[in-house]
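One structure below.
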Amino acid sequence: MATTTASAGPAPERLRTVSLTQRLLARPAAGALVIVVFVFIVFAVLSEARGSSAFLSIAGILNYVGVASQVGIIATAVALLMIAGEFDLSVGSLVGFSGIVIGIVSTVWGLPIWLAIIASMILTTGLGVLNGLIVVRTGLPSFIVTLATMFIIGGLSSVLVLTLTNITFIRIDPDLIAADPLAQLFSWKFSFVFDGATSDLYVSVIWWILIAAVGAYILGRRKFGNWITGVGGSPTAARNLGVPVARVKVTLFAATAFSASILAACQSMQFSSADIQRGGGWELQAITMAVIGGCLLSGGYGSVVGTAFGALALGMANIGIVYASINADWYKIAIGLLLLTAVVLNNWIRRRFAGLR
Amino acid sequence: MDKRKFAGLMAGAILVLAACSSTPSAGTGAKGPDGALVKRADIKIEVVTHGQAIDGFWGVVRNGVKAAASDMGVTVNYNAPAQESDMPGMSALIDAAVAKHPTGLVVSIPNPDALSPAITKAVAAGIPVVSMNSGSDVFKKLGILAHVGQTEFQAGQGAGERFLAAGVKNAVCFNQEVGNQALTLRCNGFFTGLGLTDPSKGKVLTGKISDPAGMQATISAAIQTDPTIDGILTLGPSVAKPALAAVQASGKTIHLATFDLSADVLTAIKDGKMDFAIDQQQFLQGYLPIVILTNYAETRNLPTGDGTGLIMTGPGFVTKDNAADVIALSAKGLR
């Protein structure tokens, strides 16, 4: 590391000393990391004070990491989409839709589960492409377009399920899941028994981390990642530089829908059932995670790693409240406060350390 | 896409939508008694409930409504607000139904304060009204002819008494819809049945049906935090599965019961993994009001139920002994 010389006058910028703290805080994920540590400490202290150390036990940690992984699976793509300057409010309804397709193809039509999962992934991703095409072709704000498709997809799920089955909760035979090769990718869990109680590391956690890692790699190290930031920062400039703006956006809408289908597959295999209500309201939770993770609503700036931290913070708060024996009604208040704190913190960090506005 | 193709696609889409929309269920020519005051083909009944058909429970109610419409040969129109808790919306739907001057009106009354004005207007307009599912404590006062449903507090109490008999000492109630009075009554009845003097002091867990993993983690966390928990009551079948997973992972003997049925719940009961399910036979809550209103319109015959007009469809208890019989029916949305 370069050091400043004792001579008078400011050193050239390239030789400026940057402390480790400053360099860490300059990363967009810094605020989210602070939030995670803060939430962890608060609930660890609260639950210890109430005489339970379960929050800090392996079982406790696996418990809230499992919860974080669920919305976390869709949050990466939602964050990338936000960095590219777009929203997807339909992602929650896509989760429900995707699960219902798995249920219908496997249970109602009696086809193999692997086929059901693949069919649901193709259909769901197709709807994501449609979202993207409508946005780029019409030039309408994605907030409005996906608000509309949220209703349409939700309605489509009800029409489908009520026309074909009469019930909205489709049971999937656990024996068939256990015997299906592709289902293993979504139903697998690592269980260990401690003191008579089983703790499970669900495969959804691995999917969450894997997707976040791929997302972070693409955003930070690949040309496509640069395009995403460029498209969100200034679409006109990006277009003038030859970035295929429309393609980038459609790809991201498709990726968001695809991640919704991965989440739906995890849910329907883990709980051997499909329920039309699953995923309802998760679009806003995913956006909350992305914002805690440092993503700007205006696009052009944000972090996938920060979003993963955001997911972890919300999962911890969601379940930590039970460990701390606090009335669960406080969870929503906690989310709101965390969100506000995170935004203020992220803003401050961005101005103070990252030199951006 | 050229314009003609697009138009064709839209026309196709509209046809599909029309086919699937809430078309009035019309009868298959069933004929009422000779000398009836009205012909069955002229009977039009409006149903307004707080339950969207996408909800597993209400899907069965709606199947009951459809079956009755077809059996009776009358026209029935079913409506529900987009959000279960949207009482102003539901009130407006009742007003709209009354404006059509139907032969009869069926309503659920999840929130009497919010819905009383609309229902009173219907009664004042001379429309025969039958309530169902919720509202057993207020229907008489509002001038409603009959109520078909179960009393929530007593149903919860029955569950609590069964748990007490099984030796449960510290039970929790999982409420997936905080704010719904009927569900609060179930939990209160449950804790009363367990012998708590102040039921509001009972431990209630909450969660959302949209997040099964969250519900499971919440229950796991509660069991880890308080190892003396030995009983869990869930208020709907969608919660039962995550609760079962959490109980099994805990490795403890924890009694588990739920309100309402699903194929999943029934299988678990049959296999001895759950104690029982409280069955309010909601199919009848959809079916009977249509039959009652049809008969009332034709002949002014009206069942009196328990003497006050209350016709109970529950609570029934499905246990290991009778679970196998209803599994197939539940999978078809008839139980």
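What follows is calculated from the coordinates using simple rules that are stated; it is not laboratory data. Since we're looking at a predicted model, the values are computed, not measured. When we count neighbours, we look across all protein chains shown, and the Cβ atoms used for this are built from the backbone with ideal geometry, even at glycine.
What to note about this one:
- Summarising the amide proton neighbourhood of A:T198: residues at separation of 5 or more, or on other chains, whose placed amide H is nearer than 5 Å comprise B:S250, B:G251.
- Placing unit charges on the Cβ atoms of the charged side chains and taking the dipole of the range A:205-310 about its Cα centre, the candidate lying farthest along the positive direction among A:A308, A:N240, A:A257 is A:N240.
- Amide H partners (placed H, <5 Å) of B:F317, local residues excluded: B:D279
- The long axis of helix A:304-323 is offset from the longest Cα principal axis of chain A by roughly 60 degrees.
- Interchain or long-range residues, amide H under 5 Å from A:C295's placed H: A:S303
- Magnitude of the charge dipole, chain B, Cβ model with Lys/Arg +1 and Asp/Glu -1, debye to 20: 660 debye
- Along the axis of the charge dipole computed for the range B:76-180 (Cβ charges of +1 for Lys and Arg, -1 for Asp and Glu, origin at the Cα centre), the listed residues B:Q150, B:T103, B:A82 are led at the positive end by B:T103.
- Average beta-carbon neighbours from other chains, 10 Å sphere, peptide B:258-264: 3
- From largest to smallest, the equivalent ellipsoid semi-axes obtained for chain B from the alpha-carbon gyration tensor read 37, 25, 19 Å.
- Order of A:Y202, A:Y64, A:Y217, A:Y331 - criterion: other Cβ atoms within 10 Å of each residue's Cβ, fewest first: A:Y217, A:Y331, A:Y202, A:Y64
- Here the calculated FRET efficiency for A:L337 and B:T304, from their Cβ-Cβ distance with R0 = 45 Å, stands at 0.25, rounded to the nearest 0.05.
- Radius 13 Å from Cβ of A:A260, net charge of other residues (Lys, Arg +1; Asp, Glu -1): -1
- The range A:54-125, relative contact order in percent, only Cα pairs under 8 angstrom and at least six apart counted: 19 percent
- Antiparallel DSSP beta bridges within the protein assembly as shown, percent to nearest 5: 25 percent
- Cα lying deepest toward the dipole's positive end in chain B, options B:N295, B:V239, B:V38, charges on Cβ: B:V38
- Exposure proxy shown here: for B:H147, B:H101, the number of other Cβ atoms within 10 Å sets the order, fewest to most, as B:H101, B:H147.
- Footprinting exposure proxy ranking of B:I327, A:I61, B:I269, fewest other C-beta atoms within 10 angstrom first, gives A:I61, B:I327, B:I269.
- Helix-derived mean residue ellipticity, 222 nm - over chain B, DSSP H n ≥ 4, -39500 (n - 2.57), to 500: -14500 deg cm²/dmol
- Shown in residue order for the range A:103-118 are the 3J(HN,Hα) couplings computed by the Karplus curve 6.51 cos²θ - 1.76 cosθ + 1.60 at θ = phi - 60°: x, 5, 5, 7, 8, 6, 8, x, 8, x, 5, 4, 5, 4, 5, 5 Hz (x for Gly and Pro).
- Compactness of chain A, taken as the C-alpha radius of gyration over 2.2 N^0.38 Å, stands at 1.07.
- Computed from backbone phi with θ = phi - 60° and the Karplus coefficients 6.51, -1.76 and 1.60, the 3J(HN,Hα) list for the range A:332-349 is 4, 4, 4, 4, x, 5, 4, 4, 4, 4, 4, 5, 4, 4, 4, 4, 4, 4 Hz; x is used for glycine and proline.
- Couplings for the range A:210-226, taken from phi via the Karplus curve 6.51 cos²θ - 1.76 cosθ + 1.60 with θ = phi - 60°, read 4, 5, 5, 5, 4, x, 5, 5, 4, 5, x, 10, 10, 4, 4, x, 4 Hz in order; Gly and Pro are left as x.
- Alpha carbon convex hull of the range A:258-357, volume per residue in cubic angstrom: 129 Å³
- Between A:R247 and A:D175, the contour length at 0.36 nm per residue exceeds the alpha carbon distance by 21.7 nm.
- Chain A: angle of helix A:30-49 to the longest principal axis, Cα-based, in degrees nearest 10: 60 degrees
- Inter-part distance where the range B:164-216 and the range A:38-114 are each reduced to a Cα centre, Å: 24 Å
- 10 Å Cβ neighbours from other chains, averaged over peptide A:163-174: 6
- Kirkwood Rh, angstrom, the range A:55-109 [1 / mean 1/r, Cα pairs]: 13.6 Å
- Only lysines eight or more places from B:K203 in sequence, or on another chain, were considered; those with a Cα closer than 29 Å are A:K332, B:K169, B:K241, B:K252, B:K270, B:K273, B:K320.
- Across all directions, the shadow cast by the convex hull of the protein assembly as shown built on its C-alpha atoms averages 36.3 square nanometres.
- Contact order relative to length of chain A, as percent, for alpha carbon pairs under 8 angstrom and 6 or more apart: 35 percent
- Distance between the C-alpha centres of the range A:174-200 and the range A:118-152: 33 Å, rounded to the whole angstrom.
- Peptide A:198-205 is shielded by partner chain Cβ atoms: per residue, an average of 2 of them sit within 10 Å of its Cβ.
- Check: the protein assembly as shown dipole with +1 on Lys, Arg Cβ and -1 on Asp, Glu Cβ, in debye: 2360 debye
- Given charges at beta-carbon only (K, R positive; D, E negative), |dipole| of the range B:92-163 in Debye: 200 debye
- Helix axis angle, A:245-270 relative to chain A longest principal axis, alpha carbon, degrees: 50 degrees
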